[in-house]
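Visitor: Please see the structure below; I have some questions.
The values are calculated or read from the model by the stated rules, or taken from the named source; none is laboratory data. Owing to the predicted nature of the structure, the values given are computational and were not obtained by experimental measurement. Positions of Cβ are generated from backbone atoms using ideal geometry, with glycine treated the same way; all protein chains shown enter the neighbour counts. Ligands, DNA and RNA are excluded from the accessible area calculation, which covers all protein heavy atoms including side chains. Shrake-Rupley method; radii C 1.70, N 1.55, O 1.52, S 1.80 Å.
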Amino acid sequence: MDAEAIVVGGGLAGLVAATELAAKGKRVLLLEQEAHLGGQAFWSFGGLFLVNSPEQRRLGIRDSVELAFQDWMGSAAYDREEDHWGRLFAQAYLEFAAGEKRAWLASMGVRFFPVVGWAERGGGLASGHGNSVPRFHIVWGTGPGLLEPFLRRARQLEERGLLQVRLRHRAEEVLVEGGKAVGVAGLVLEEDPKPRGVPTSRRALGEFCYRAQAVLLATGGIGGNLDLVRRFWPERLGRPPQRMLSGVPDHVDGAGLFLAERAGARLVNLDRMWHYPEGVENHTPIWSHHGIRILPGPSALWVDATGKRLPPPLFPGFDALETLRHLRQRGWDWSWFILDLATLKKEFALSGSEQNPDLTGRSWLRVIQNRLLGPAAPVRAFLERGRDFLVAEDLSELLSKMDALAPGVLDPVRLEREVKARDRELLHPFAKDAQVQALWGFRRYRGDRLFRVAKPHPFLGGRGGPLVAVRLWTLTRKTLGGIQTDLKGRALTPGGKPLPGLFAAGEAAGFGGGGFHGYKALEGTFLGGCLFSGLQAARGILEGLE
């Protein structure tokens, strides 16, 4: 078919844009280099940032656009000329998250787990980084549940002849004529029956060249390309780790960003990244260097490789990038969680759809069993098979096992002192320890008390069962910069003018504007950014076509 618009990338942003365009009667060609649609969203936990939602209100959470704006600005800390469009995109996104977003998703059948999570709890100041209230809404069905209505819509539009999907098509060039993007050229890759996420063949069977009035790039970021991550690693975070884990498949290689740059678009803020310091090696890897992020509750004692406790407010779940910065300055590639089994059962979850079969499979029975009885089967599998998980009956045995993994690095005397000092703070109803004070405060929130935060208790003495140590690595995830766009998703040139015919959305656009997060994210905003930027780009393309 003759396409009016070409969308490159079949992840969430690309699907949103392609189906929105086709639903408006436009002929759309969707190109995807892999054999499956859905991109990284398929593997995601399905968390979405919403403001003043019914789920929040039912739990007694009072939220507002004004409070969300305060939190966003304190986290973004915009300070560059390049932040102009990102900031405008963020303001528009916050209105979307408080208004149209939930109703639009609900109209397509998306439902949410009723307990709202409290991610990125912040750096300790009202005007600084972090969420003042819980805003992390988990899609019932996780990432696949969020993708479901868009995949269904795509199939329906294919049947109507408005959308054509071509898999195993890797874009290599945006065609530009007379200063306008007019199409895409690339390679047709051979079929490869490997499962989703496994690295696939790059052997080309032929070439393609398609023309259209508009080209939208939704090709993702650089998180699967560790060489590029190191190349753009920001100096403010210290030296990049020698050993990193990858939170995304190999094909998330950044190629689409440089394809846009060659066409004349401006790339900005590539030194802004979102990586987690709580990664563990996957015992059953799917892609190269495959890591899984622990979604920790706030109780574990976090220490560096030598056993020195991290300073306030660098507690689990508070400030991912500041914790990463601190650890990189310490010079070791790993750190440790120390806790007991009872705390782990209540507080540990693992990020990703495949690591949460209860929520992904929409099983209330399994959700209740896992949250009340725990640990969930995927967490138990890491306890039994994960190289980074150690279990011991007493502290002496645990210290010996930790030292055996990296002989001579850990100071066992220091760590024993840290654990015992923390425990003493829990032997009376008072405490000067900021983490202990925070734990009691978080348990005032019903969702944390029931599902997320264990009742504070000493780790030593056997009350909470065996002791657990978890070795943690840096886990790559998201690129917060990318192709600079305006609010209509139009790719901008280095001179700040729209490049006619070229649009960008999703992570390739820094989730909008070339970096709408600024320096830090509030969580739940990656999938949400794909939704919003995909919609905005579709509306921008429609405006140009009509």
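Visitor: From the list Arg236, Arg262, which residue is under 23 Å from Gly518 (Cβ atoms) and charged (D, E, K, R)? Steps first, answer last, please.
Guide: Working: Arg262 fails: under 23 Å from Gly518 (Cβ atoms).
Just a single option satisfies the conditions, and that option is Arg236.
Visitor: Being aliphatic (A, V, I, L, M) and in contact with a strand residue (DSSP E or B) (Cβ under 9 Å, 6 or more places away or on another chain) is the filter here, so list the residues in the range 365-394 that pass it. Spell out how you get there, then give the answer.
Guide: Kept after step one, since they are aliphatic (A, V, I, L, M), are these residues of the range 365-394: 365, 367-368, 372-373, 376-377, 379, 381, 383, 390-392.
Once the filter is applied, which keeps residues that are aliphatic (A, V, I, L, M) and in contact with a strand residue (DSSP E or B) (Cβ under 9 Å, 6 or more places away or on another chain), the range 365-394 yields Ala376, Val379, Leu383, Leu390, Val391, Ala392.
Visitor: Determine, yes or no, whether Leu48 is out of contact with any strand residue (DSSP E or B) (no Cβ under 7 Å at 6 or more places or on another chain) and either touching a residue at least 24 places away in the same chain (Cβ under 8 Å) or at positive phi (or both). I'd like the intermediate steps shown before the answer.
Guide: Numbers: out of contact with any strand residue (DSSP E or B) (no Cβ under 7 Å at 6 or more places or on another chain): no; either touching a residue at least 24 places away in the same chain (Cβ under 8 Å) or at positive phi (or both): yes.
So Leu48 fails the test.
Visitor: Okay, moving on. If I ask for residues that are farther than 20 Å from Thr476 by Cβ and of a type in the set (Phe, Trp, Tyr), which ones from the range 337-361 would you list?
Guide: The one that is farther than 20 Å from Thr476 by Cβ and of a type in the set (Phe, Trp, Tyr): Phe348.
Visitor: Ok, one more. Under 6 Å between Cβ atoms, which residue pairs at least 6 apart in sequence (or on different chains) link something in the range 415-436 that is free of Cβ contacts under 8 Å to residues at least 40 places away in the same chain with a partner that is open to solvent by 40 Å² or more (accessible area, probe 1.4 Å) and among the aliphatic types (A, V, I, L, M)?
Guide: Sorted first by the residue in the range 415-436, then by its partner, the pairs are Asp423/Leu460.
Visitor: Can you tell me how many residues within the range 104-126 are in a loop (DSSP other than H, G, I, E, B) and over 23 Å from Asp448 (Cα atoms)?
Guide: 3
Visitor: Quick one: which strands (runs of 3 or more DSSP E) lie wholly within the range 1-101 and hold at least 1 residues that are within 27 Å of Arg362 (Cα to Cα) and modelled with pLDDT of 95 or more?
Guide: Numbers: elements: 5-8, 28-32, 47-49.
Fully inside the range 1-101 and qualifying: 47-49.
Visitor: Against the definition (modelled with pLDDT of 95 or more, part of a helix (DSSP H, G or I), open to solvent by 40 Å² or more (accessible area, probe 1.4 Å) and out of contact with any Pro (no Cβ under 7 Å at 6 or more places or on another chain)), how does Arg414 come out, yes or no?
Guide: Details: modelled with pLDDT of 95 or more: yes; part of a helix (DSSP H, G or I): yes; open to solvent by 40 Å² or more (accessible area, probe 1.4 Å): yes; out of contact with any Pro (no Cβ under 7 Å at 6 or more places or on another chain): yes.
For Arg414, the condition - modelled with pLDDT of 95 or more, part of a helix (DSSP H, G or I), open to solvent by 40 Å² or more (accessible area, probe 1.4 Å) and out of contact with any Pro (no Cβ under 7 Å at 6 or more places or on another chain) - is met.
Visitor: Going through the range 361-411 one residue at a time, which ones are under 26 Å from the mean Cα position of the chain (by Cα) and not in a helix (DSSP H, G or I)?
Guide: Matches in the range 361-411: Gly361, Arg362, Ser363, Gly374, Pro375, Ala376, Gly386, Arg387, Asp388, Phe389.
Visitor: Scan the range 104-153 for residues that are surrounded by fewer than 20 Cβ atoms within 10 Å (Cβ to Cβ) and charged (D, E, K, R) and jot them down.
Guide: Matches in the range 104-153: Arg111, Glu148, Arg152, Arg153.
Rundown of residues vs (1) over 23 Å from Gly540 (Cβ atoms); (2) in a strand (DSSP E or B); (3) touching a residue at least 60 places away in the same chain (Cβ under 8 Å), yes/no style:
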site: Arg153; (1), (2), (3): no, no, yes
site: Gln156; (1), (2), (3): yes, no, no
site: Val165; (1), (2), (3): no, yes, yes
site: Leu187; (1), (2), (3): yes, yes, no
site: Pro199; (1), (2), (3): yes, no, yes
site: Arg202; (1), (2), (3): yes, no, no
site: Tyr210; (1), (2), (3): no, yes, yes
site: Val215; (1), (2), (3): no, yes, yes
site: Thr219; (1), (2), (3): no, no, yes
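Visitor: Continuing with the same structure: Can you report the number of residues in the range 386-405 which are over 14 Å from Ala305 (Cα atoms), in contact with a Pro (Cβ under 7 Å, 6 or more places away or on another chain) and not β-branched (Val, Ile, Thr)?
Guide: Summing the residues that are over 14 Å from Ala305 (Cα atoms), in contact with a Pro (Cβ under 7 Å, 6 or more places away or on another chain) and not β-branched (Val, Ile, Thr) in the range 386-405 gives 2.
Table: residues versus (1) in a helix (DSSP H, G or I); (2) open to solvent by 10 Å² or more (accessible area, probe 1.4 Å); (3) under 20 Å from Gly254 (Cα atoms); (4) in contact (Cβ under 8 Å) with a residue 40 or more places away in the chain.
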residue: Gly512; (1), (2), (3), (4): no, no, yes, yes
residue: Phe516; (1), (2), (3), (4): no, no, yes, yes
residue: Tyr519; (1), (2), (3), (4): no, yes, yes, yes
residue: Glu523; (1), (2), (3), (4): no, yes, no, yes
residue: Leu527; (1), (2), (3), (4): yes, yes, yes, yes
residue: Cys530; (1), (2), (3), (4): yes, yes, yes, yes
residue: Ser533; (1), (2), (3), (4): yes, no, yes, yes
residue: Gln536; (1), (2), (3), (4): yes, yes, no, yes
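Visitor: Determine whether the range 271-289 contains at least one residue that is part of a loop (DSSP other than H, G, I, E, B) and among the β-branched types (Val, Ile, Thr). Lay out the reasoning, then the answer.
Guide: Initially, the range 271-289 is screened for residues part of a loop (DSSP other than H, G, I, E, B), giving 271-272, 282-289.
The next check asks that each one be among the β-branched types (Val, Ile, Thr); those that pass are 284, 286.
Yes; the residues of the range 271-289 include at least one that is part of a loop (DSSP other than H, G, I, E, B) and among the β-branched types (Val, Ile, Thr).
Visitor: Now, a different point. When the range 63-89 is examined, which residues are found to be farther than 15 Å from Phe516 by Cβ, touching a residue at least 60 places away in the same chain (Cβ under 8 Å) and not polar (S, T, N, Q)?
Guide: Asp63, Leu67
Listed here are the residues, each with its yes/no results for (1) free of Cβ contacts under 8 Å to residues at least 24 places away in the same chain; (2) touching an Asp or Glu at 6+ places or on another chain (Cβ under 8 Å).
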{"site": "Gly10", "(1), (2)": "no, yes"}
{"site": "Lys26", "(1), (2)": "no, yes"}
{"site": "Arg57", "(1), (2)": "yes, no"}
{"site": "Ile61", "(1), (2)": "no, no"}
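Visitor: I would also like to ask the following. Could you list, in sequence order, the residues of the range 290-313 that are within 24 Å of Asp411 (Cβ to Cβ), within 21 Å of the chain's Cα centre (by Cα) and in a strand (DSSP E or B)?
Guide: Let us first name the residues in the range 290-313 that are within 24 Å of Asp411 (Cβ to Cβ), namely 294, 296, 299-313.
From what's left, within 21 Å of the chain's Cα centre (by Cα): 294, 296.
Once the filter is applied, which keeps residues that are within 24 Å of Asp411 (Cβ to Cβ), within 21 Å of the chain's Cα centre (by Cα) and in a strand (DSSP E or B), the range 290-313 yields only Ile294.
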